[in-house]
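A short worksheet on the structure shown next.
No value in this document is a laboratory result; all are computed from the given coordinates. Computed from a predicted model, the values in this text were never measured in an experiment. Positions of Cβ are backbone-derived with ideal geometry, glycine not excepted, and every protein chain shown enters the neighbour counts.
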Amino acid sequence: MKMDETATVRSILTALKDSNVSDVAKQIDGISKDPLASALNAAGYKYSSATPRGWTFVGDSDEPLDKSIFDFVKSKSSEKKPHSQPVPKIVTTDSHAILEQFTENEIRAIKEMLKSWQESAPTIEMEPTLHDRIKQLPQEEKTRKTIVIDQSIGERFDVFCEAERLNKSDILHLALVDFMDKFE
């Protein structure tokens, strides 16, 4: 299949005698199958599947054989639907590509809000979970102590330790450390 460099209608029609629209479109930079077929229709050609099969000129004026097919390609801006969403513009800053969905004033306002929020927000440190604190307990020599507590507290303690799958000694150890740090 031979195509001239300017992709004239003549060269495309010649190529279409041996190939289909999809194959010919692959040979032309900047156009695909559907826009090529639309451009041929706009140039006054119609495809007929009846014998003789192929593209025939049905236009009212002279055949545009020596014109470029790109003269008949519709621009994408004329094909836009009236209710389509605008395509975000890509902005490159500091080697990061960002889809610009906000105006510059909106971006500036958002940055100011974030800055004021960060300045006024207290630094929140995440307290380690109970399981993490138990993992951090020192492995020292243990001693046995007997304590006496209310039966209802003992039952709640048993249920909690069983539900969380925790060792009662470890929980009491943490509770006493917290108590001693606070009141000692």
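Quick notes on this one:
- Charge sum, other residues only, whose C-beta stays under 13 Å from Gly54's C-beta, Lys/Arg counted +1 and Asp/Glu -1: +2
- Coupling constants for segment 36-53 follow from the phi torsions by the Karplus curve (6.51 cos²θ - 1.76 cosθ + 1.60, θ = phi - 60°), and in residue order they are 5, 4, 5, 5, 5, 5, 5, 7, x, 9, 10, 8, 10, 8, 7, 6, x, 6 Hz; glycine and proline get x.
- Note that segment 177-184 has calculated 3J(HN,Hα) couplings of 4, 4, 4, 5, 5, 7, 10, 6 Hz, one per residue in order, obtained from phi through the Karplus relation 6.51 cos²θ - 1.76 cosθ + 1.60 (θ = phi - 60°); glycine and proline are x.
- Loop GluC sites (Glu not before Pro), segment 130-165 (other Cβ atoms within 10 Å of the site Cβ: 13 or fewer; DSSP): Glu140, Glu141
- Directionally averaged projected area (convex hull, Cα atoms, segment 9-79), nm²: 5.0 nm²
- Label separation (Asp62 vs Asn105): 5.5 nm, computed from points 7 Å beyond Cα along the C-beta direction.
- In straight-distance terms, cross-link reach from Lys33 covers every one of the aspartates and glutamates whose alpha-carbon lies under 15 Å from its own, apart from those fewer than eight places away in the same chain; here that gives Asp23.
- Pairs spanning more than 30 Å between alpha-carbon atoms, out of Lys26/Lys74; Lys26/Lys46; Lys26/Lys67; Lys115/Lys182: Lys115/Lys182.
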